[in-house]
Amino acid sequence: MDVPEIVSVEPKISLRGVEKIFGEGESATVALEKLDLDIQESSFVTLVGASGCGKSTLLRIIGGLDYQTGGEVFANGKQVTGPGADRAVVFQQYSLFPWLTVNQNIRFSRLLKASRGDWTSAEVEAASGRADALLNLMGLARAANSYPNQLSGGMQQRVAIARALMPRPPVLLMDEPFGALDTQTREVMHDLILHVFNLEKSTIVFVTHDVEEAIYLGNRVVVMAPRPGRIDSIHEVSLPEKRTQDMKLSPEFIAMKREIVERIRETSGMKTDFELLEKLSRQASL
């Protein structure tokens, strides 16, 4: 009888015993403590947790923009030792070049390569086609020749995302990219980034403080706990691939949101604070 071959699937991102300590001696602060996590290819993982749990620090370490003081980080089969073209980062601040138009901002990395002579004419033409496709996908075609200061916050963030997607990065790292947007614009951006995710099949790691956002976008929600930063729990999201805003009203969505919020309160001490507040309120009424 033939035994089927077992194929090992290597994680797209792998964290092994990752630690981050700020300072030295008695003043040292442990931001991340012995953190292990595997993220598979073409998955959308969201990180949530109370302030100070190390979500953004972890994202910066994966992106090579910060360094860990212990453990190892692997991305795309290689150890992370610094920034790389295989990992694009989108921050809450749009970080667009104000002297460049929308079109020029999106094409910036490709223009650098072309100017250095790293590309053939065929590659330049292919990049131009991708830039045009991203302009249309993001609904920016009419604003292609506008400057960042002529755009709304939501449109500026679309430009930042398009610029990050321009080189087809295998990994997209997003640090609260919609935190400064109003509710209506955030919902539009949620559906847009999910559409892009389904088309591009990138691996996305998304930091947010909004539990509802984390569930709606993610395949998995990783809850981090503070003091020191660590992984508390991982929640598989069972929503269909095709998502609609109405799903947020479903019993399953509400139950998962309640469960995750409870974990954040437990790990951050918020529940204890609420109980103390209730106790003080009862005493004041006596």
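Odds and ends about this structure:
- Here the 3J(HN,Hα) profile of segment 40-51, calculated from phi with Karplus coefficients 6.51, -1.76 and 1.60 at θ = phi - 60°, is 7, 4, 6, 10, 10, 10, 10, 10, 10, x, 5, 4 Hz, Gly and Pro shown as x.
- Other residues lying with their Cβ under 15 Å from the Cβ of SER146 contribute a combined charge of +4, Lys and Arg counting +1, Asp and Glu -1.
- Net charge over other residues, Cβ less than 12 angstrom from the Cβ of GLY77 (K, R count +1; D, E count -1): -1
- Local electrostatic count at SER95 - Lys and Arg +1, Asp and Glu -1, tallied over other residues with Cβ under 12 Å: 0
Computed from the coordinates by the stated procedures, all read-outs in this text should not be read as laboratory data. Model, not experiment: these values are computed from the prediction. Note: ideal-geometry Cβ built from the backbone for every residue, glycine included; neighbour counts use all protein chains shown.
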